[in-house]
Amino acid sequence: MSLSLKMEIDPVEDVTCLNPELLQLPEVSPFALKTTPLLVDDLFSQWLSLPETGNLVKSWINDAKAGTAVNACANFSNVNAVGSNSLPSMFSSVNAPPLSPRSSSGSPRSSKQKSSPSALGSPLKLFSDPMQEVIPQFYFQNGCPPTKELKEQSLSKINHLFNNPLNGLLIDEFKTVTKEVCKLPSFLSSALFRKIDVDCMGIVTRDAFITYWVDGNMLTMDVATQIFEILKRPGHKHLTQVDFRPILRELLATHPGLKFLQNSPEFQDRYAETVIYRIFYHMNRSGNGRLTLRELKRGELISAMQQADEEDDINKVLRYFSYEHFCVIYCKFWELDTDHDFFIDRENLIRYGNHALTYRIVDRIFSQKFAGDVEGKMGYEDFVYFMLSEEDKSSEPSLEYWFKCIDLDGNGVLTPNEMQFFYEEQLHRMECLALEPVLFEDILCQIIDMIAPEREDCITLQDLKGSKLSGNVFNILFNLNKFMAFETRDPFLIRQEREDPTLTEWDRFAHREYIRLSMEEDVEDASNGSADVWDESLEAPF
């Protein structure tokens, strides 16, 4: 085989081994050349087709025949100097780099030998692998540390407030720190103080406070997380009802709107219990008694706490803390609990709302799991849940409460048979009261029109939550008084609702009921001849 023929064959065999660095392509990375053999083949073919390359190869052949040493580097330099501006026709229409080799390291066969960029002597910059971008830390196990400026501002306030001979503060003096430095409601002061004073020394020093609040990164947390961390017990990842008792005790002791209860410890306990029950009713949607941080953030408790701390009239804090709302709940329970053993049974509950409920729904209520351990008895906590659900059927906790009662088989849907089971007693009561009965077939059509469920053969909880008229469905099924009120809607009440849409059904009910209770008390006081006459064992106290 002749040398020229051998020259034509060998490059094809070695084309996949071509060192892409020899081509010195500024816009094609070495990695792309190594991983794309076809591209290398095309580039090498184009290089061989250049006239300068043919002259170079012929000179190598002549040198080889003459037995002289081949100066590859010099030859490549000459070729590059002459043909650096020559472009193959296939790349002439684009902004492509020169395809002729910029190095004189030898023939294409010798491209297997790697050459360093400095040895190649190329004026063009070699492309390297992309630099890895450094991503700053975004997760901190103990919270994001404060900025230098924020830390300096807080330390300045701390140094000013702790500037005393003791270098610390007693529990009565700590409220200023809670308000000015921590920006928290003042009735969290005692809970925060005891959280820092783990050794029960009765004093929180400046260094101890800085360690907990600044170094512990409490400074950068949102308010809900701060309160959650202050109230929860060590080792716990949730809040229980017990964790809220310290802040309720301090609220009762310091709030100007609750000072009149300071001589009534029993009423203080009942008020604190009612507030806690209302909090868990609305926020602990899982119903397991364990309030998570996510549930705390989703609710309105934080804004209600801040409002209670700023508002002298506690009755204006309608969410959770209103004393008037507490009175309405507690007095209604006291009224039904005829033997005052702090439990009510089926017969007691059937009298609620002037016998508004049916026996069937009352039986279903008592079939649910209660917080108390007494069989067939409803305690105060369960009554709070019942009353809030009964008087405001538009809220999501109420919809969930009544849905479980109507869902007889617990399969997650309300069927026409289940709804008819409860409506039969309603129909019987209408007949006994000489009211014009409405057949269930007509009622079912009305319910479907109000809810517009995804399927017409059943209603899901999600269907109920998506309709503003869902509460009326339950009134139709088991509350005759509210069913009749819905059928003969009072224009005055409708106008009242439109004037203040921020008030809930519970807010309106509690306001009306509190006025009624106040009027009854005034009449009773007048009949007794003195407002000081009060038999606690017989009267509904408030």
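With each pseudo-label sitting 7 Å past Cα toward Cβ, what's the L439-E524 distance in nm, one decimal?
Label-label distance for L439 and E524, simple model: 4.9 nm.
When averaged across all projection directions, what area in nm² does the alpha-carbon convex hull of segment 143-221 cover? Spell out each step's value before the answer.
Details: hull surface 19.3 nm².
The orientation-averaged projected area of the Cα hull of segment 143-221 comes to 4.8 nm².
Length gain on complete extension for the stretch F260 to N167, per 0.36 nm per residue less the alpha carbon to alpha carbon distance?
On the way: separation 93, 0.36 × 93 = 33.48 nm, distance 3.62 nm.
Residue separation times 0.36 nm, minus the Cα-Cα distance, leaves 29.9 nm.
Working out 0.36 nm times the residue gap between C144 and R512, then minus their Cα-Cα distance, what length gain in nm do you get to one decimal? Could you put the intermediate results ahead of the total?
Values: separation 368, 0.36 × 368 = 132.48 nm, distance 4.83 nm.
Between C144 and R512, full extension yields 127.7 nm more.
Using the beta-carbon distance between E310 and F342 and R0 = 45 Å, what value does 1/(1 + (r/R0)^6) give for FRET efficiency, to the nearest 0.05? The partial results should precede the final answer.
Values: r = 34 Å, r/R0 = 0.77.
The value I calculate is 0.85.
Using only the Cα atoms of segment 316-389, build the gyration tensor, take square roots of its eigenvalues as a ≥ b ≥ c, and label the shape rounded, prolate or oblate: rounded if a/c is under 1.5, else prolate if a/b is larger than b/c, else oblate.
prolate
Which of the residue pairs K232/K316; K259/K297; K297/K369; K316/K393 have a Cα-Cα distance greater than 25 Å in the structure shown?
K232/K316; K259/K297; K297/K369
I want the local charge near K332. Using Cβ-Cβ distances under 12 Å, sum +1 for each Lys or Arg and -1 for each Asp or Glu among the other residues. Kindly include the intermediate steps, with their values, before the conclusion.
Numbers: positive: R351, R516; negative: E335, D337, E390, E391, E513.
Residues near K332 contribute -3 overall.
Using the alpha-carbon centroid of each, what span in Å lies between segment 302-352 and segment 143-213?
If we compute the Cα centre of each part, the gap is 35 Å.
If the chain between A253 and N55 were fully stretched, how many nm would it gain, using 0.36 nm times the residue separation less the Cα-Cα distance?
Working: separation 198, 0.36 × 198 = 71.28 nm, distance 10.38 nm.
In short, 60.9 nm is gained.
Karplus couplings for segment 262-271 from phi (6.51 cos²θ - 1.76 cosθ + 1.60, θ = phi - 60°), rounded to Hz, Gly and Pro as x?
Listing the rounded values in order: 5, 9, 10, x, 5, 5, 4, 5, 5, 5 Hz.
Find the relative contact order for segment 143-221 and round it to a whole percent, using C-alpha pairs within less than 8 Å whose residues are 6+ positions apart. Show your work: numbers first, answer last.
Values: 73 pairs, mean separation 33.5, N = 79.
Reported relative contact order: 42 percent.
Plugging the Kirkwood radius over Cα pairs into Stokes-Einstein for segment 323-519, at a temperature of 10 °C and a viscosity of 1.306 mPa s, what D comes out in µm²/s? Don't skip to the end; give the middle numbers.
Details: Rh = 17.7 Å.
The calculation lands on 89 µm²/s.
Throughout, read-outs are computed from the coordinates displayed, never taken from laboratory work. This one's a predicted model, so the numbers in the text were calculated from it and none came from an experiment. Cβ: placed from backbone, ideal geometry, glycine included. Neighbour counts: every protein chain shown.
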